[in-house]
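Trainee: Below is the structure I would like to discuss, written out as structure tokens.
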Amino acid sequence: MEDTIKHHLEGITFGEAQRHRNMAVWPIFSAVDGGPHYMTMKEAMAGGFLTVTEVSAGGAVPELKVVNSAPVAVLILDGEELAGAKQNRIVNTTILLRRQSETIIPVSCTEQGRWSYVSSHFDESGHIAAHRVRGAAKQSVTACLKSAGRFHSDQGAVWDNVASVLEDSRVASNTGAMKDAFESKARDIDEYLGKFACLPGQKGLLVLIDGKAAGLDLVSLEGAYAALHPKLVKSYAMEAIALGGRDGKAIPDGVPQAFLAEALACTGQRFKSVGHGWDFRLEGKGMVGSALVYNKALIHAAFFRVTEAEKAGHMSALSRRRGFRG
């Protein structure tokens with residue numbers, strides 16, 4: 001593992017577990033220097049600094065155009081959803097956009113049944129993809145980077161997982177939109193959100209769902225994490241709800257320490273990021289991860305627990321392949 005990533009991961013400490021129904025969260029703290037200043041996508045859009053549109057009038061599913069007029073860099077997390085234009089999308093990888101720049105970013109569709117304009121530009125939906133959708137995108141983007149050097153996902157696998165979230169949460173959507181699942185379950189999600197408050201100094205979280213460690217997210221700046229905390233909690237809560245939302249089992253001892261040890265044991269490759277820095281793709285037995293490093297600072301890291309079958313991936317149904325527009 002690259003020294004910067006290892007240094008930052010070894011510098012984290014875990015707070016006391018918070019729990020609601022079938023989900024538990026360990027807050028993550030770190031005394032390691034946070035590195036360069038930046039804004040989150042939500043903050044940049046609220047300030048009128050960020051404009052996201054289709055790449056052309058005709059559009060292209062795997063790409064969007066982002067204009068950042070802010071005087072600082074802007075952080076977009078992998079899985080953050082953009083709603084509007086011709087169809088809703090999630091961002092395929094964490095990107096630290098250069099200040100005052102125009103960038104073509106890689107995305108995946110999370111609304112299979114629509115390809116028509118509802119607005120000229122995108123807004124941030126307020127959501128990060130449900131855990132299983134985000135995980136599917138992360139695995140396939142890693143595979144594409146290793147085989148072709150591109151940040152493309154397996155769009156069919158993303159659609160399959162969006163469909164499974166809708167089905168498992170018993171939500172009907174005319175356009176197969178992941179956003180509809182979040183909106184339909186907003187009351188339940190808010191109940192989870194209310195139980196997992198962002199604490200002073202918190203920079204990340206480790207989540208357990210149905211008695212199993214699901215994932216870890218770490219962000220370099222305390223203020224940026226505070227802005228992202230509700231989205232991250234909702235992403236994992238949507239998964240917990242889709243899995244039934246029943247009261248959970250007893251929390252096993254040593255979960256945070258064991259998960260962190262597995263993350264530290266991951267190995268991988270680095271690729272030039274779409275924006276600032278280097279995008280590291282990390283893999284271990286039963287785990288996939290990614291990390292964005294810039295100026296010797298770990299800007300964002302995410303690790304997900306996966307089965308070997310999930311890591312191997314799968315081919316999408318032909319009907320979904322026919323629905324893809326490139």
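Trainee: Return the only residue of G84, G135, G58, G79 being at pLDDT below 95 and touching a strand residue (DSSP E or B) at 6+ places or on another chain (Cβ under 7 Å).
Mentor: None of the other options fit; the residue is G135.
Trainee: Does P252 satisfy being open to solvent by 40 Å² or more (accessible area, probe 1.4 Å), within 20 Å of G15 (Cβ to Cβ) and touching a helix residue (DSSP H, G or I) at 6+ places or on another chain (Cβ under 7 Å)?
Mentor: no
Trainee: Still on this structure, please answer the following. Go through the range 236-261 and give me each residue that's out of contact with any Phe, Trp or Tyr (no Cβ under 9 Å at 6 or more places or on another chain) and small (G, A, S).
Mentor: A242, G244, G248, A250, G254, A258, A261
Trainee: Then there's this: Which one is most open to solvent (accessible area, probe 1.4 Å) among residues in the range 260-292 that are closer than 21 Å to Y38 by Cα and aliphatic (A, V, I, L, M)?
Mentor: The qualifying residue most open to solvent (accessible area, probe 1.4 Å) is V274.
Trainee: Taking the range 183-233, which residues are more than 26 Å from I5 (Cα to Cα), in contact with a Gly (Cβ under 8 Å, 6 or more places away or on another chain) and open to solvent by 40 Å² or more (accessible area, probe 1.4 Å)?
Mentor: Listed by number, the residues that qualify are D188, D210.
Trainee: So which helices (runs of 4 or more DSSP H) stay within the range 244-326 end to end and still have 1 or more residues that are at pLDDT 90 or above and among the hydrophobic types (A, V, I, L, M, F, W, C)?
Mentor: The qualifying helices (runs of 4 or more DSSP H) are 255-264.
The values are calculated or read from the model by the stated rules, or taken from the named source; none is laboratory data. Small disclaimer: the values here were computed from a predicted structure and weren't measured. Cβ sites come from the backbone with ideal geometry, for glycine too, and all protein chains shown count toward neighbours. Side chains are part of the model used for accessible areas, which takes the heavy atoms of the whole protein and leaves out ligands, DNA and RNA. Shrake-Rupley method; radii C 1.70, N 1.55, O 1.52, S 1.80 Å.
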